[in-house]
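The values are calculated or read from the model by the stated rules, or taken from the named source; none is laboratory data. For clarity, every value in this text was computed on a predicted model and none was experimentally measured. Cβ placement follows ideal geometry from the backbone for every residue including glycine, while neighbour counts extend to all protein chains displayed. We work out accessible area using only protein heavy atoms, side chains counted, and drop any ligands, DNA or RNA first. Shrake-Rupley method; radii C 1.70, N 1.55, O 1.52, S 1.80 Å.
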Amino acid sequence: MNKDQNILTDTFGRAHGYLRISLIERCNLRCTYCMPAEGIPLSPKSHLMSYEEVYTIAKTFADYGVSKIRITGGEPLVRKDFPLILEKLASLPVELALTTNAVAVDRYLDTFKKFRLNHINVSLDSLDAEKFKQITRRDYFEKVWRNFHTLIEHGFKVKLNAVLMKGINEDEVVDFIRLTEKLPISVRFIEFMPFDGNRWNLDKLVSYQEVLQKAQDAFGKHEVVRLDDAPNDTSKNFKIKGYEGSFAIISTVTNPFCDSCNRLRLTANGRLKNCLFSASESDLLTPLRLGKPIEPIISKAVQSKFGVRGGMDTLEKLKDPKFHSQNRSMIAIGG
Ligand code: SAM
Ligand code: SF4
């Protein structure tokens, strides 16, 4: 396929310059909103992309214009050859970013620096150790909290992601925002999204409007300043006047940002997902192993991308398990 042909532009004119690669389906936490209590059926190791295969597929995307790659999972730092994968990806002309639960980041600070991985999103849903344990089903709060600060001290650009759930951590919105008084971070509140097995329902969701209201009630309406959002940004950004950092709301459910979507996702077993909510996937790994070109498959997947949320264009459809339960659990997609 001719490289001048833009196989990454879809029928809505959206050019896809951002690839999120999941390295692994396993994790050292068990977040309730991300995976079912009983776990998920794991792909056999031989069905997962090797580090060379991750690189070859990523290079194909970079050749066609992907300029940013985010490494995710499962928990990407659980994968033993993570440094090798990072080294290979760092040889591509792309900006690198990582999403991690931060349990193991202290082991990799030098590796991140060596391979110019500066943008790190840390997922942390509670500032309370007991609640953290309840959400993640693991007792690692102290470690994560320490590692989160270490990253900031070492000059990494850190964002903190918190999935808000009614009756669980919605009462911590203001405490999270207070972290931005002294820390140069962005705290991002993510609306709880439905996936297979995560017992989602709309009543558990804390909406964009509710988060904003909580911020305005606590700090005063005029102290909460709306910031400019970066192009293709999925979040709406705010700041409390005079604070060092900022906060943002990612409203995938109540206010989707599909019009400017520039993302594609590659699962750890080498399937391309054209949307986080898409039930369909395109296998790139099998043809790659057979020595066949993967560009036509990528092109077809991009061309078939729906305009809004994998075809769940109304809240009614998103609420219907018939639609959202066809999708994998988040842990197996790579958030
Ligand atoms: N293990 C890493 C971590 O937790 O950062 C990377 C993978 S995790 C699947 C990526 C992101 O997806 C996390 O920020 C997590 O909070 C988010 N996530 C998982 N399930 C979600 C859900 N049901 N709704 C909203 N966000 C979710
Ligand atoms: Fe693991 Fe991240 Fe999912 Fe939590 S959100 S179970 S840390 S993959």
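Place the peptides 134-146, 237-249, 269-281 in order of packing, highest mean first, counting for every residue the other Cβ atoms within 10 Å and averaging per peptide. Intermediate results must be reported in sequence, preceding the final value.
Working: 134-146: 16.8, 237-249: 19.0, 269-281: 21.7.
The peptides rank, most packed first, as 269-281, 237-249, 134-146.
Given the DSSP H assignment, sum -39500 (n - 2.57) over each helix run of at least 4 residues in the chain and divide by its residue total; what's the result at 222 nm in deg cm²/dmol, nearest 500?
On the way: 12 runs with 95 residues, N = 335.
About -7500 deg cm²/dmol.
Kirkwood hydrodynamic radius, computed over distinct alpha-carbon pairs, for the range 18-333: how many Å, to one decimal? Let's see the in-between values first.
On the way: mean 1/r = 0.0497 Å⁻¹.
Mean inverse Cα-Cα distance, inverted, gives 20.1 Å.
Considering the dipole of the range 18-333 built from charges on the beta carbon (Lys and Arg +1, Asp and Glu -1) around the Cα centre, which of N101, S299, F195 is farthest to its positive end?
Among N101, S299, F195, the one farthest towards the positive end of the dipole of the range 18-333 is S299.
Pull out the extension gain between L42 and E181, defined as 0.36 nm times the separation in residues minus the alpha carbon to alpha carbon distance; nm, one decimal. Don't jump to the answer; show the numbers that get you there.
Working: separation 139, 0.36 × 139 = 50.04 nm, distance 4.15 nm.
Here the segment from L42 to E181 would lengthen by 45.9 nm.
Ignoring any ligand, DNA or RNA, what whole percent of the accessible area of the chain comes from carbon and sulfur when the probe is 1.4 angstrom? Intermediate values should be presented prior to the final figure.
Details: 7330 of 14710 Å².
Carbon with sulfur: 50 percent of the solvent-accessible area.
Quick one: 3J(HN,Hα) in Hz for the range 242-247, Karplus 6.51/-1.76/1.60 with θ = phi - 60°, rounded, Gly and Pro as x.
x, 7, 5, x, 9, 9
Using +1 at the C-beta of Lys and Arg and -1 at the C-beta of Asp and Glu, which of L84, L276, T32 has the Cα lying farthest in the positive direction of the dipole of the chain?
L84
Could you tell me which Cys residues in the chain have no other cysteine's Cβ under 4.7 Å from their own Cβ, answering none if every one has a partner?
C27, C258, C261, C275
Along Cα→Cβ, 7 Å out, is where each label goes; now give me the distance between the ones at D81 and N232 in nm to one decimal.
2.8
If the elastic network links every pair of Cα atoms under 10 Å, which of L124, L284, L227 fluctuates the most in the Gaussian network model of the chain?
Looking only at L124, L284, L227, the largest GNM fluctuation is found for L227.
From the phi angles alone, apply the Karplus equation (6.51, -1.76, 1.60; θ = phi - 60°) to the range 62-67 and give each ³J(HN,Hα) in whole Hz, x where the residue is Gly or Pro.
Per-residue couplings from phi come out as 4, 4, 9, x, 5, 10 Hz.
Around N121, under 10 Å between beta carbons, what's the net of Lys plus Arg minus Asp minus Glu among the other residues? Before the final figure, lay out the partial values.
Values: positive: R70, K157, K159, R188; negative: none.
So the environment of N121 carries a net charge of +4.
Taking only the alpha-carbon positions of the range 167-300 and ignoring solvent, what does the Debye formula give for the base-10 log of I(q)/I(0) at q = 0.09, 0.11 Å⁻¹?
Reported log10 I(q)/I(0), two decimals: -0.39, -0.54.
Taking the Cα centre of each part, how many Å lie between the range 213-265 and the range 28-69?
28
Roughly how many debye, to the nearest 20, is the charge dipole of the range 18-333 about its Cα centre, given +1 on each Lys and Arg Cβ, -1 on each Asp and Glu Cβ, and no other charges? Can you show the working numbers first?
Numbers: 47 positive and 39 negative charges, 130 e Å.
About 620 debye.
If amide H atoms are built 1.01 Å from N in the plane of the peptide, which residues on other chains or at least 5 residues away come under 5 Å of the amide H of L160?
Hits under the 5 Å cutoff: V122, S186, V187, R188.
Need one number: % antiparallel among DSSP beta bridges in the range 18-333, to the nearest 5. Walk me through the intermediate numbers first.
Working: 11 of 44 bridges.
Within the range 18-333, antiparallel bridges account for around 25 percent of the total.
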